[in-house]
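All remarks here apply to the structure that follows.
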Amino acid sequence: MKLNQCLFLGILVTTIFSCKQKEYVDEIYEKPEIIKEASSQFLSPEESMKTFYVPKGYKVELVASEPMVDEPITIAWDGNGRMYVAEMNTYMQDLDGTGTNRSISKIKLLTDTDGDGKMDKSTVFIDSLMLPRMILPLEDELIVNETYSYDLWSFKDTDGDGVADKKERVYYNENRRGGNLEHQQSGLLWNLDNWVYTTYNPVRFKFKKGKVVVDSLENMPSGQWGLSQDDMGNMYYSSAGSENPAYGFQQPASYGDYNPEGRLSEGFIEPWPIVGTPDVQGGPKRLREDGTLNHFTGVAGQEIFRGHKLPPSTYGDLFIPEPVGRLIRRAKVRVENGKKVLYNAYDEAEFMASTDLNFRPTQAKTGPDGALYVVDMYRGIIQESNWTRKGSVIRPVIERKGLDKNIGKGRIYRIVHEDITPDKKPELLGKKASELVEYLGHPNGWYRNTAQKLIILKDDQTVIPELKEIALDNSSIWTSLFDTDKDLGIARVHALWTLEGLGVVDKGLIKAKFTDEDPRVRLTAIRLSETFLKKGDTDIFAALETLSMDQDIDVVNQVALSLRYSKAKKATELLKSIQDAYADNEIVSHAVKESLKKDDSKLAQLKARISNRPLGEKQSILRGYDSYKQLCITCHGPDLAGVPTEDGALIAPSLIGSARVVGDKGTLSKILLNGLIGPIEGQEYGIMMALKSNDDQWIADVLSYVRALNNVDGVHKRIVGNARKESKDREDYWTLEELEALEKEKK
C-alpha cells in the first residue's frame with residue numbers, strides 16, 4: 001500500500017501517521033467479528049497462537065511454554081542470550097489466593113542450544129523464592145528481589161551447571177513492604193545514566209566495583225508493574241491501579257515526576273479488544289455494548305521497542321500489554337513542541353489481540369535478536385485476591401467462567417516479521433572491555449545498553465582513551481560491524497555515559513560536546529555538566545547560555561533542568577531569561593519553575609508545616625509521607641486530590657477535606673484495614689483495597705500524614721490496634737453505610 005492510498009479497502013491501516021507524517025505504514029489484520037462470550041477452555045500453545053491477530057507481515061513464534069515455564073511474569077537475558085524467567089508459582093492458585101505467601105516460586109534459566117530461536121534447555125536456577133518480582137543479570141550473577149521485601153540478593157552459578165550455588169545479600173532494608181501483590185515494586189532497570197531504578201521506591205542503585213551504591217530521590221514517578229526506557233534514558237511507567245497506561249516519560253526520573261495534560265492523545269485510553277471481557281474489576285461500567293473493555297485497566301510490562309529486526313517504523317514505539325483486555329497496544333511517541341504525546345498506531349485496533357480468554361500478556365521486551373518478546377502468564381485469573389473477594393463485582397464472573405481453575409501454565413513468544421531474519425544469539429560475556437566498545441554503536445538498543453553495563457562492571461580503565469576518541473568523533477569507525485545504517489550520534493551518547501560509569505567526566509570533553517552536531521549528544525553533555533554545576537563551577541555558563549538558545553527544544557529544556565544544581569546567581573539569571581523566552585512552552589516553563597525552587601522541596605515544605613507538632617507525631621508523619629509515596633500516590637495522587645483520568649474522572653476520591661479523613665480516627669483506621677466498596681457521596685470509584693497486612697504503626701503513620709495535610713492531629717497506633725480488634729473477624733470490605741451505622745451505635 002502506498003503512503004497516499006489512505007483507503008479503507010476492508011483492511012484497517014495506520015491513519016494517524018500514514019499520510020500526515022509520511023511514515024512507514026503497517027497494515028493491520030482484517031478486523032474480526034467481536035466474540036462477546038468466548039470459552040475459557042485451556043488451549044495448547046499452537047491452538048492459542050491461532051487466536052492471535054497481528055498486522056500483516058508480522059508473525060508470532062513460540063519461544064517456550066509449559067512445562068518448561070510455569071506462571072512466568074518477567075524475563076531478562078544475560079550477555080550470551082540465556083534467558084532468566086521469574087515465575088510466580090503461588091499467584092492466585094484459587095479464587096481466594098490460598099497459599100500465595102509460600103516460598104516455592106522459581107527462577108528458570110532457559111537456553112537455545114541450536115540457535116533456532118526456541119528455548120530447548122531449562123534448569124531451575126533458583127527455587128524456594130517468595131514471588132520474585134525483579135531480576136537483573138550483571139556479568140556473572142543475577143540480582144533478585146522478592147515480594148514484600150526491599151532487599152536485593154546476588155545469585156551466582158560457580159560450577160556452570162545452570163543452578164545458582166552462591167547467594168549473597170547486596171542491599172538490606174530492615175523494613176518489610178506491606179500491601180497486596182499488585183502494589184509492590186518492579187523494575188531493576190539499568191538506565192542510560194548508570195543508575196538502576198525500580199518502580200514505587202524513591203531509591204536508585206549503582207553496582208560498581210563489587211559494591212552497591214544507594215541514592216534517594218524525592219519526587220520520582222511511582223508506577224506499578226513494568227519499567228522501560230528510550231534511547232535517552234527517559235523511563236516509561238504505567239499503573240493498573242490508576243488505570244494509567246503510560247506516564248513519567250517527559251523527562252528523566254531524576255528531575256521528578258511530571259505528567260502534563262495532553263501527553264495521551266484523544267481516545268488513547270480506549271483499548272480495542274476482539275473478545276468480550278467479562279472479568280474486569282470495574283464491572284459493566286468498564287464494558288462496551290459488545291462486551292469489550294472500554295478503558296485500560298490492567299496495563300503492565302510496557303516496553304519501548306529498540307530492536308532492529310522489525311520494520312524501522314517500530315523503533316522507539318511503546319508497546320503496552322493489557323492482560324485484562326488480552327491485547328498489546330502499539331503507541332507512536334510524537335514530540336509536539338517539546339512535549340511527548342502518545343498516539344495509537346492504528347485506528348480503533350491494536351497491534352496484537354487474542355480471543356483466547358487465558359492470554360495474559362504481562363510484559364513486552366526487546367530481545368537480543370532484535371525481535372519483540374511477549375511474556376504470557378496464560379491463566380484464568382489475573383487480579384489479586386483483594387479484588388476477587390466475596391462482594392466484588394468480578395467474583396461471580398470468575399465462578400461462572402471457571403477461570404479460577406486455569407493455572408499452572410505459561411508461554412513466551414517473540415514477534416518477528418516475515419521479511420526480516422532475527423539475529424543469532426549474542427556472545428558478549430567472554431569479551432574484554434576493549435572488544436565490547438564497538439557494540440556501543442549497535443543498531444539494537446539491547447546490545448548498546450548491555451555493552452555499556454558490562455564495560456562498567458569490568459571497570460577496565462584502559463578503554464578510556466578509546467571511549468574519549470569515540471565521543472569526540474566516531475565517523476570513521478565501525479565501518480563493517482553492522483549490516484544496517486549506523487547511528488553515530490547515539491554511539492557517542494553511550495560513549496559519554498560509559499565514561500561517566502567508569503568515573504570519568506572530562507570537562508574539556510564535555511565542553512567540546514556542547515557543540516556536537518547531534519542534539520542528543522549536546523543534551524547528554526549538559527546532563528554530565530551537572531557534575532561541575534554542583535561543585536559551584538561557573539566556567540561553563542557561557543556555553544550553557546548559548547545552549548539555552550539552541551534550535552532543538554529538548555536541548556533548551558535540558559539546560560533548564562540542569563541549572564537547578566547551581567546555586568550561583570548567574571544560574572538564576574539564566575533560568576529567568578529562559579523563562580521569558582519560552583513563556584508559551586509548557587514543558588520548558590515547567591522545567592524552569594522547578595529549577596528555580598532549587599533548595600525548596602515538598603519534604604521541606606512538609607517539615608515546615610508540622611514544625612510545631614510533638615516529636616513523635618512529626619516522626620510518624622514523615623514515615624507516613626514515605627509510605628504514601630510508595631503506595632497511596634498511585635490512586636490518590638501526590639497532592640492527595642485524586643488522580644484524574646484523561647476523561648476528567650478521578651480514580652479515587654480526594655483526601656483533602658474528606659469527612660472520613662478528618663472524622664473519627666477509628667472509622668478511618670477500619671477503612672484502611674479492610675478496604676471500602678460502594679459509592680462515596682454518590683460517586684463510584686471502584687474498590688479501596690485492604691491494607692491490614694501492614695502493622696498498626698504503618699497504618700497510623702499513613703493516616704497521620706494524610707490528616708496532617710488536612711491540618712488535624714495524627715493517629716496513634718493504639719487507635720489502629722483497637723480498630724483491628726473490633727473488626728478481626730471481618731473479611732469483607734466496608735461500606736460507608738455500615739461504618740456510619742457503627743458510629744451511630746457508639747454515640
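If only residues of the range 534-563 that are under 34 Å from the mean Cα position of the chain (by Cα) and at pLDDT below 95 are counted, the one that is farthest from Gln251 (Cα to Cα) is Lys535. Residue count for the range 296-322 under the criterion of being closer than 20 Å to Glu37 by Cβ and either out of contact with any Phe, Trp or Tyr (no Cβ under 8 Å at 6 or more places or on another chain) or among the aromatic types (Phe, Trp, Tyr) (or both): the result is 2. Quick check, is Asn191 modelled with pLDDT of 95 or more and within 30 Å of Glu350 (Cβ to Cβ)? So Asn191 fits the description; yes. Here Glu418 fulfils each of the conditions (1) touching a strand residue (DSSP E or B) at 6+ places or on another chain (Cβ under 8 Å); (2) surrounded by 13 or more Cβ atoms within 10 Å (Cβ to Cβ) apart from (2).
Would you call Pro67 surrounded by 22 or more Cβ atoms within 10 Å (Cβ to Cβ) and farther than 29 Å from Ile455 by Cα?
no
Here is a yes/no grid of residues against (1) charged (D, E, K, R); (2) touching an Asp or Glu at 6+ places or on another chain (Cβ under 9 Å); (3) not in a helix (DSSP H, G or I):
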{"position": "Leu668", "(1), (2), (3)": "no, no, no"}
{"position": "Gln697", "(1), (2), (3)": "no, no, no"}
{"position": "Val702", "(1), (2), (3)": "no, no, no"}
{"position": "Asn710", "(1), (2), (3)": "no, no, yes"}
{"position": "Ile719", "(1), (2), (3)": "no, yes, no"}
{"position": "Lys725", "(1), (2), (3)": "yes, no, no"}
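Taking the conditions exactly as written (under 30 Å from Ala495 (Cα atoms), assigned to a strand (DSSP E or B) and within 18 Å of the chain's Cα centre (by Cα)), does Phe155 satisfy them or not? So Phe155 does not fit the description; no.
Restricting the range 523-535 to residues that are out of contact with any Lys or Arg (no Cβ under 7 Å at 6 or more places or on another chain) and not β-branched (Val, Ile, Thr), the residue that is surrounded by the fewest Cβ atoms within 10 Å (Cβ to Cβ) is Lys535.
Under the condition of being more than 26 Å from the chain's Cα centre (by Cα) and part of a loop (DSSP other than H, G, I, E, B), the residues counted in the range 385-407 number 7. Mind listing whichever residues of the range 173-226 are acidic (Asp, Glu) and touching a Lys or Arg at 6+ places or on another chain (Cβ under 9 Å)? Of everything in the range 173-226, those that are acidic (Asp, Glu) and touching a Lys or Arg at 6+ places or on another chain (Cβ under 9 Å) turn out to be Asp193, Asp215, Glu218.
Is it the case that some residue within the range 676-685 is exposed (fewer than 15 other Cβ atoms within 10 Å of the Cβ) and of a type in the set (Val, Ile, Thr)? No, because not a single residue in the range 676-685 is exposed (fewer than 15 other Cβ atoms within 10 Å of the Cβ) and of a type in the set (Val, Ile, Thr). When Tyr315, Tyr343 are screened for being at pLDDT 95 or above, under 27 Å from Arg288 (Cα atoms), among the aromatic types (Phe, Trp, Tyr) and assigned by TED's automatic domain parsing to the domain that holds Lys405, only Tyr343 passes. Inspect all residues belonging to the range 599-615 and state whether any of them is touching a residue at least 12 places away in the same chain (Cβ under 8 Å) and among the small types (Gly, Ala, Ser). Scanning the range 599-615, I find at least one residue that is touching a residue at least 12 places away in the same chain (Cβ under 8 Å) and among the small types (Gly, Ala, Ser), so the answer is yes.
When the range 194-206 is limited to residues that are among the aromatic types (Phe, Trp, Tyr) and either surrounded by fewer than 21 Cβ atoms within 10 Å (Cβ to Cβ) or at pLDDT 95 or above (or both), the one that is farthest from Gln229 (Cα to Cα) turns out to be Phe205.
Among the residues that make up the range 327-342, is at least one of them in contact (Cβ under 8 Å) with a residue 24 or more places away in the chain, farther than 20 Å from Lys409 by Cβ and assigned to a loop (DSSP other than H, G, I, E, B)? Looking for residues that are in contact (Cβ under 8 Å) with a residue 24 or more places away in the chain, farther than 20 Å from Lys409 by Cβ and assigned to a loop (DSSP other than H, G, I, E, B), one finds at least one in the range 327-342, hence yes. Close contacts from the range 131-144, counting a first residue that is modelled with pLDDT under 95 and buried (at least 22 other Cβ atoms within 10 Å of the Cβ) and a second that is among the polar types (S, T, N, Q) and part of a strand (DSSP E or B), with Cβ to Cβ under 7 Å and a gap of 6+ residues or different chains, come to Arg133/Asn145.
The values are calculated or read from the model by the stated rules, or taken from the named source; none is laboratory data. In this text, all values refer to a predicted model and were calculated from it rather than measured experimentally. Neighbour counts run over all protein chains shown; Cβ positions are idealised from the backbone, glycine included.
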